[in-house]
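First the structure, in the form of structure tokens, and then the observations on it.
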Amino acid sequence: MSASGSIKVTIGDVSFDNPVFLASGPAGYGEEYADFVDLQRLGGIVTKTVTYEPKAGNPGTRLQETRGGLLNSVGLENVGAGVFFGEKLPGLLDNGIRPIVSLAAEDWDGYRRLLDAAAGAGEIDIVELNLSCPNVDRGGMAVGTDPRMISRYVGHAKDILSGTAVIAKLTPNVQDIGRLALAAEEAGADAITAINTIVGMDIDIHAKRPVFKRIRAGLSGPAIFPVALEAVWRIVNTVDIPVIGVGGIDSVDDALKFFMAGAAAVQVGTAIFYDSRLPEKIITELEKNGIPASINRGGA
Amino acid sequence: MGACLQTVPVSFRAEDRYDQSLGRLFLPGSMIDRGVEGDRLAGIEKGLFSAEVAGNEKLSPACRLIRFARPEGFPDAKPGHFVSVRVNSFSVPLLRRPYSIMDLTETELLLLVKVVGPGSRLLAEAAVGDRMDIAGVLGGTVFPSPAGEDAVFVGGGTGLAPMIFAARTWKREGNTGNSYLIHGAATSEELLGTFCESDFTKVFRSTMDGSEGYDGDAVSYLQSLLNDDTISGSKLYSCGPAGMVKALELKVSTRFDSHYTSLEAVMACGVGACRGCTVPLREEDGRKLRAVCSDGTVFDASQIAWEDWE
Ligand SMILES: Cc1cc2nc3c(=O)[nH]c(=O)nc-3n(C[C@H](O)[C@H](O)[C@H](O)COP(=O)(O)OP(=O)(O)OC[C@H]3O[C@@H](n4cnc5c(N)ncnc54)[C@H](O)[C@@H]3O)c2cc1C
Ligand SMILES: Cc1cc2nc3c(=O)[nH]c(=O)nc-3n(C[C@H](O)[C@H](O)[C@H](O)COP(=O)(O)O)c2cc1C
Ligand code: FES
């Protein structure tokens, strides 16, 4: 660790002032957190995943705290491509905030229309494909657990969004996340983000029924940090493209561990709810002492 | 959106990175995340504040009145607004806990806290001098003033808190109408209300087990008070368990010009970002899921799709 000047990071051809981003989802479209977080200071923010059509999300209970974690079943509620590209994205850009646009599809047709809309929106230089949401029936994890589907979705994004960096965000709910990463790399992905939430559930003992209508929900927060760290370690050993670590960052030290595992950048999700300034604290630490070097020499 | 995206000036001390490793002890005064100092955020409508506990009174076996010294720069609030408290600087419990503002004066922020689990327990055990990290002021809608007309307030359990804030605020604003509070609780042990008697024209109390006050639920009590003309009013305000508010809307609300209620839901962000706290509403163009934290907490009770709200 040396106190070096620059903590810039490059993904594809896209350069960021620092490698600390907000993860997709918890912070919405960013604007909601403007009073709590100095958004311009962040390397970037991954916007809430958008689908072509607006989505109302899941009915019933959507959140349940667990020991050191949070189960969510939001179900990709979002404003849809029209409002996103027409209002939300220009708002971020006008305010000097660096968006990474998160995209997901419910089916192939919707995916193609979404990519066409993104291509038409012009000002996007980097997207993150959410191939990993556990809270929807179609698309999401259903696509993201199959290496062939990953390569089809990533390949199409690279074709349509020429000149745009494409990040594939992967699910840990598989036997070997390294295989998914490899499929994404071979299809032309510029980087991998790992991990999305881990499938879990809870039961309401008084009502004698599962807490969530869909039974299963996605676990995030400190409880999943070791799983995310191992996934990043494994992926770094499998692919040559940059890996962005996300999952359970709860302190500056957790972020440093992701860099030591070989991550090129990190994202903060759930912690933004309770420690909104954590991303800025991580940046301050990196500015002071530099980005820690990877200690990952294999052993996956 | 431009206006809300102003830069928040923040500076950090080098030792901030050690926040999480501060011995992990529950030490008064060290509970606060040191990265947060409210006075830096003066002048914005919501922010993160370090607030010092100035008082902790027992109101009932399970309930406490927590007084915070109002942090410098803490925004003004209206009835129905809430704050979200990080009860300690480590991550168990994880999320902030939302609390209705029971009162906000020039010098104090008051919360009514019922112990139901670990988060509320830590808050209820706060000692004078402890500091806590408070996000506020939160909420997108507030109770509309009765504008001089007679008002009936129904507060179930700690749903009493925003009712008190409303009564006090409107009194301070010079509102002259009568104000009646019906406060219901499960048992006499959980019953509050004596400490706020002077805030209302009259306070009526009920317990489900009949151990004190009217024997039954607050909604039946209100019905009987209306039936025998003990009280009347044109504006109905409520906050409490979903079952109570639903019964009010379905059984009693036709006797009033309007019924506004402050809802509770499990929350993560409190600012409309995570979409975790939605309530189904019936709107002109169909059903919509709205965020309790940022589209509420106050809703026109006739708009709520009660069949799908627990
Ligand atoms: C806008 C708003 C205003 C509130 N105002 C007050 C208030 O003035 N006084 C007060 O005592 N409580 C209030 N609450 C409820 C309070 O937030 C919860 O009691 C608290 O979060 C429970 O935390 P815990 O760790 O003690 O319990 P947990 O172990 O988290 O939960 C214990 C029980 O409380 C329920 N609960 C948890 N979180 C919430 C929540 N956010 N809303 C409702 N129920 C919840 C759980 O379902 C469970 O049954 C309010 C909640 C909201 C959303
Ligand atoms: C409420 C909530 C909503 C989320 N929504 C999305 C989403 O829309 N798209 C996505 O790719 N990931 C989403 N995630 C997953 C996060 O981006 C992140 O991968 C995961 O929560 C693990 O990181 P964390 O432990 O820091 O939160 C969401 C997570 C939460 C808690
Ligand atoms: S708590 Fe996040 S949207 Fe309401």
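List of remarks:
- Some residue of segment B:268-279 being part of a strand (DSSP E or B), over 23 Å from residue B:208 (Cα atoms) and within 16 Å of ligand 3 (Cβ to nearest atom): yes
- Subset of segment A:202-228 that is among the aliphatic types (A, V, I, L, M) and within 18 Å of residue B:277 (Cα to Cα) - its residue that is farthest from ligand 2 (Cβ to nearest atom): A:215
- The set of residues in segment B:291-303 that are touching an Asp or Glu at 6+ places or on another chain (Cβ under 9 Å) and more than 16 Å from ligand 2 (Cβ to nearest atom) comprises B:297, B:301, B:302, B:303.
- Scanning segment B:245-274 for residues that are away from ligand 2 (no atom under 16 Å from the Cβ), under 20 Å from residue B:165 (Cα atoms) and not acidic (Asp, Glu) gives B:245, B:258, B:259, B:260, B:261, B:262, B:263.
- Lone unmet requirement of (1) within 14 Å of chain B (Cβ to nearest Cβ); (2) within 25 Å of residue A:15 (Cβ to Cβ); (3) out of contact with any Pro (no Cβ under 8 Å at 6 or more places or on another chain) for residue A:239: (1)
- Boolean, residue A:60 is within 16 Å of ligand 1 (Cβ to nearest atom), at pLDDT below 95 and of a type in the set (Gly, Ala, Ser): yes
- Which numbered condition residue A:103 misses (of (1) under 26 Å from residue B:136 (Cα atoms); (2) near ligand 2 (Cβ under 10 Å from one of its atoms)): (1)
- Residue check, residue B:240 on the phi > 0 side of the Ramachandran plot and within 16 Å of ligand 1 (Cβ to nearest atom): yes
- Residue in segment B:75-91 that is touching a helix residue (DSSP H, G or I) at 6+ places or on another chain (Cβ under 6 Å) and over 30 Å from residue A:253 (Cα atoms) present: yes
- Applying a threshold of 8 Å to beta carbon distances and a minimum spacing of six or more residues, or different chains, the list of pairs starting in segment A:230-252 at a residue that is under 17 Å from residue A:19 (Cβ atoms) and ending at one that is assigned to a helix (DSSP H, G or I) and within 16 Å of ligand 3 (Cβ to nearest atom) reads A:249/A:271.
- Residues of segment A:80-98 satisfying the condition of being in a helix (DSSP H, G or I) and either closer than 21 Å to residue A:43 by Cα or charged (D, E, K, R) (or both): A:84, A:85, A:87, A:88, A:89, A:90, A:91, A:92, A:93, A:94
- Within segment B:259-285, residues that are more than 12 Å from chain A (Cβ to nearest Cβ) reach partners that are aromatic (Phe, Trp, Tyr) and crowded, with 22+ Cβ neighbours inside 10 Å with beta carbons closer than 6 Å, at six or more positions or on different chains, in the pairs B:260/B:143; B:260/B:237.
- Residue in segment A:48-64 that is surrounded by fewer than 22 Cβ atoms within 10 Å (Cβ to Cβ), under 30 Å from residue A:253 (Cβ atoms) and not basic (Lys, Arg) present: yes
- For segment A:28-44, the tally of residues that are charged (D, E, K, R) and more than 7 Å from chain B (Cβ to nearest Cβ) stands at 1.
This table checks each residue for (1) free of Cβ contacts under 8 Å to residues at least 40 places away in the same chain; (2) at positive phi.
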| residue | (1), (2) |
| --- | --- |
| A:188 | yes, yes |
| A:204 | yes, no |
| A:211 | no, no |
| A:227 | no, no |
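- Under the condition of being buried (at least 18 other Cβ atoms within 10 Å of the Cβ), more than 20 Å from the chain's Cα centre (by Cα) and more than 16 Å from ligand 2 (Cβ to nearest atom), the residues counted in segment B:275-290 number 2.
The values are calculated or read from the model by the stated rules, or taken from the named source; none is laboratory data. Since we're looking at a predicted model, the values are computed, not measured. For neighbour counting, all protein chains shown are included, and Cβ atoms are generated from backbone atoms with ideal geometry for every residue, glycine included.
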